[in-house]
Amino acid sequence: MKTLADLKKIREKAQEDMKLRGGNVRIKISVGMGTSGIAMGAREVMKTFLEEIAARNLSDVLVTQTGEKGLSSMEPVVDLIEEGKPKVTYGNMNPDKVKKVVVEHIVNGRIVSDYVVATGD
Amino acid sequence: MSLKHIDLLICCGSGCISAGALKIKERFHEVLREHKATNEVNIIETGCMGPCDYGPVMVIYPEGIFYQHVTPEDVEEIVSEHFIKGRPVTRLMLQNEEKTFSIQKDVPFYQKQIKVALENCGYINPESLDEYIATGGYEALGKVLTEMSPQDVINEMKASGLRGRGGGGFPTYIKWQMVHDNKGAEKYIICNADEGDPGAFMDRSILEGDPHRILEGMMIGAYAMGANMGFFYIRAEYPLAIKRIKMAIAQAKEMGLMGENIFDSGFCFDAEVRTGAGAFVCGEETALIHSIEGERGNPTPKPPYPAVQGLWGMPTVVNNVETFGNIPTIFRKGAKWFASMGTEKSPGTKVFALTGDVRNTGLVEVPMGTTLRELIFDVGGGMIGDHKFKAVQLGGPSGGCLTVEHLDTGVDYESLKERGSMMGSGGVIVMNEEKCMVNVAKFFMDFCVEESCGKCSPCRIGLKQMLAILERITSGFGREGDIEELQRLGESISKLSLCGLGQTAPNPVLSTIRYFRDEYEAHIRDRSCATKVCKDLMHYQIDKDRCIGCSLCARNCPVKCITGSREEKYIIHQVDCIKCGNCYDVCPVKAIEKEPGMHPDTVAHRSELGKAVNRYEDL
């Protein structure tokens, strides 16, 4: 440890490992994990999100889970909450769709309107 | 590839560990294995989160959900419902009559708190240097070493107004300046973690929960005064704190944050741990220094102050754990920010260990100047049960008690001292109306007599005399003039004792006499303890109308002083009764009552026997 820059490097890496505990989050992905969501493959969807995000090293995206959203016929349902923008809800998700959402919406900022089932609160 | 999407923070402060936190942690590992979900959850042991009374507690991120009173049986439900299905378990959240507090920061206990020294306690894994760095750790040290001169550091400390958190409230910068100005070759810095007051656990919790913070604070101090060697003096009763600080030192050395030429500034520093053998007097700085030197832990007169002639005759600074805990944040956020909190003469925040008859016992940090009412009723959640607040003892055996009329007093060094109490290290013992103040004073006096090192006679002999008088009063042999004698002794001991232990030991007695003189008088004149705590000044009685003559009390009496029959009911022979309370506990119809005051039979018996029973007669 010789300079403040060395310390900063370690800090940034460590902050990345601690991002679940708050901090710099641009987009929050909230996967509906009710009984019907899980039955329709919500766990796979969440895992794919986590894998894709880790693979792309997106440090400001947080994946979390929530309960039943009520849209049982469209499970798995996923909310994308971006600060200052209306919430986007995707329905009938599967791992392939997740990959597309990550590339298009999260990385490039273009909503994938084909999968959208609702927007706003 | 990380699939982890949950951080599970389990409080592993000593309070939660004794409530079973480690078993719960093991159970989480097991259950997650069963659910094949070990790769989704980070299980992190943290230091004390504060609300020890709710323990074992845990917080689950990213949501920040707070669970309390968790048992190993609850783990299965938390994993299958919350972790797998995303449905938090409401049953385990903190609830009151009106609402459920799901998120940690909404819990009323945390609302009025501002955490500086406890910033990371319960938030990071204390055994991980990386997590400390992630929260901005060692940034202050880097800034100090690369951008500031030692004098700049001291000036910044002066501007912050930080005062010693060990109890005395001496401005920290003055000690640093004295050692800085002393041109000795060898200088030492010592962290005083010999926390011995009954009911105090602030220092332990900080050391256990955030050891790197203390190390960083110490290194900043060492740089300012020109010391290259530091010692942590920790009592041996704190094994976890010792382990964590040793681990922190090893980690810092490995990363080059300690050792030679830190941050390429030419500053070198090393630190070692010394364990104390559990003597209260070793919290006094000269005694502590002698103990580190390998001598008997006795205090020596000041001057010479340690800043002039301390460890091995070299200039030495002794600072408390919490004092060091504030320093990194002062340099990261600025002296102005720090001074903006608290009161003008006592800036910043103070950590308190809330204990006694208060609902939320635990570790809290509030700005200086917060009133006792806010501390006890808002943060502390008020009294347990339907009991009334009677008194609060601040500063442990060195402090004094305050009463209902002082509830609106702001907690800072001066206000407390004016009212006959003191800040001390931060132990706050809350008492309800069932506590006998004479007995409380006796308890603290007993502690001080035990812990007196015996070097100076006012403390060694005087405290013993005070204790004898208190024992005489509580056993029903008190005489007129005892109160005045206690005051006279107390005042002389305060003036004449060599060190802080003796100087402050009479405080609990003096302050209880000041605010509860009527209780002392009732003990002496009426031979009566209104709270029925002092056994000699109360008695048990059987209510004949309610007694069903079951004989359970008589059969359970260890001294066979209860006689009677189904027809005539039972009576207690007062002279033989040892007040063990067995009869009171076993009576199925609650016919036995505790009554204040000595029973007339006992009074008559005592006056008949006179000297034979009064071992205080010649005192």
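Nothing in this text is a laboratory measurement; each read-out follows from the coordinates by a stated rule. Just so we're clear, the structure is a prediction, and the values are computed from it rather than from any experiment. Virtual Cβ from ideal backbone geometry, glycine too; neighbours counted across all protein chains shown.
In nm, give the distance between the simple-model label positions of residue B:22 and residue A:119, each being 7 Å from the Cα along the Cα-to-Cβ direction.
Taking the two extended label points, one gets 5.6 nm.
Taking the Cα atoms only, what angle lies between the long axis of helix B:482-496 and the longest principal axis of chain B, rounded to 10 degrees?
Taking the Cα atoms of chain B, the angle to B:482-496 is about 20 degrees.
So what are the radius of gyration and Dmax for the Cα set of the stretch B:349-432, in Å?
11.1, 33
Sorted by packing (mean other beta-carbon atoms within 10 Å per residue), highest first, where do B:354-363, A:64-73, B:60-69 land?
In decreasing order of mean packing, B:354-363, A:64-73, B:60-69 become B:354-363, B:60-69, A:64-73.
Could you calculate the FRET efficiency of residue B:237 with residue A:5 from 1/(1 + (r/R0)^6), where r is the beta carbon distance between them and R0 is 30 Å, rounded to 0.05?
After rounding to 0.05, the efficiency reads 0.10.
Can you tell me how much longer the chain between residue B:550 and residue B:593 gets when fully stretched, taken as 0.36 nm per residue apart minus their C-alpha distance, in nm with one decimal?
Full extension from residue B:550 to residue B:593 adds 13.8 nm.
Give me the net charge of residue B:24's neighbourhood, meaning all other residues with Cβ under 13 Å from the Cβ of residue B:24; Lys, Arg count +1, Asp, Glu -1.
So the environment of residue B:24 carries a net charge of -4.
For the pair residue B:567/residue B:491, report the inter-label distance in nm, with labels modelled 7 Å from Cα in the Cβ direction.
With each label point 7 Å from Cα toward Cβ, the separation is 6.5 nm.
Compute the long axis of helix B:211-225 from its Cα atoms, compare it with the longest principal axis of the Cα atoms of chain B, and write down the angle in degrees, 0 to 90, nearest 10.
Orientation of helix B:211-225: about 70 degrees from the principal axis.
Can you tell me the 0 to 90 degree angle between the C-alpha axis of helix B:463-474 and the longest principal axis of chain B, rounded to 10?
The angle comes out near 40 degrees.
Mind sorting A:16, B:451 by how few other Cβ atoms lie within 10 Å of their own Cβ, fewest first?
Final ranking by Cβ density, sparse to dense: A:16, B:451.
Just check chain B against the gyration tensor rule for me: Cα atoms, a ≥ b ≥ c as the square roots of the eigenvalues, rounded for a/c under 1.5, and otherwise prolate or oblate depending on whether a/b exceeds b/c.
oblate
Give the relative contact order (percent, whole number) for the stretch B:236-390; include only Cα pairs under 8 Å separated by 6+ residues.
Relative CO of the stretch B:236-390 lands at 10 percent.
At residue B:308 and residue B:407, where each label point lies 7 Å from the Cα along Cα→Cβ, what is the point-to-point distance in nanometres?
Result for the modelled spin labels: 4.8 nm.
Subtract the Cα-Cα distance of residue B:34 and residue B:386 from 0.36 nm times their separation in residues, and report this length gain in nm to one decimal.
122.2 nm
Which of B:105/B:350; B:23/B:112; B:25/B:85; B:105/B:253; B:187/B:253 have a Cα-Cα distance over 24 Å?
Over 24 Å Cα-Cα: B:23/B:112; B:105/B:253.
Counting only other chains, what is the mean number of Cβ atoms within 10 angstrom of the Cβ of each residue in peptide B:128-135?
Counting other chains' Cβ atoms within 10 Å and averaging over B:128-135 gives 6.
Determine the shielding of peptide B:38-45 by partner chains: average, over its residues, the number of Cβ atoms on other chains within 10 angstrom of each Cβ.
Across B:38-45, the average partner-chain Cβ count within 10 Å equals 2.
Averaged over its residues, how many other protein chain Cβ atoms are within 10 Å of peptide A:4-10's Cβ atoms?
Other-chain Cβ atoms within 10 Å of each residue's Cβ, averaged: 5.
Once you order the gyration tensor axes a ≥ b ≥ c over the Cα atoms, which shape class does the stretch B:195-262 get: rounded for a/c under 1.5, otherwise prolate or oblate by comparing a/b with b/c?
Prolate, because a/c is 1.5 or more and a/b exceeds b/c.
Most exposed first by the Cβ proxy, i.e. fewest other Cβ within 10 Å, how do A:21, B:296 rank?
Placing the least packed residue first, the sequence is B:296, A:21.
Which of rounded, prolate, oblate describes the protein assembly as shown, given a ≥ b ≥ c as roots of the alpha-carbon gyration tensor eigenvalues and a/c under 1.5 marking rounded, otherwise prolate only if a/b is larger than b/c?
Oblate is the answer for the protein assembly as shown, as a/c is 1.5 or above yet b/c matches or exceeds a/b.
What whole number of Å gives the distance from the Cα centroid of the stretch B:520-590 to the Cα centroid of the stretch B:164-242?
53
Give me B:91, B:204 ranked fewest to most by other Cβ atoms within 10 Å of their Cβ, as a rough exposure proxy.
B:91, B:204
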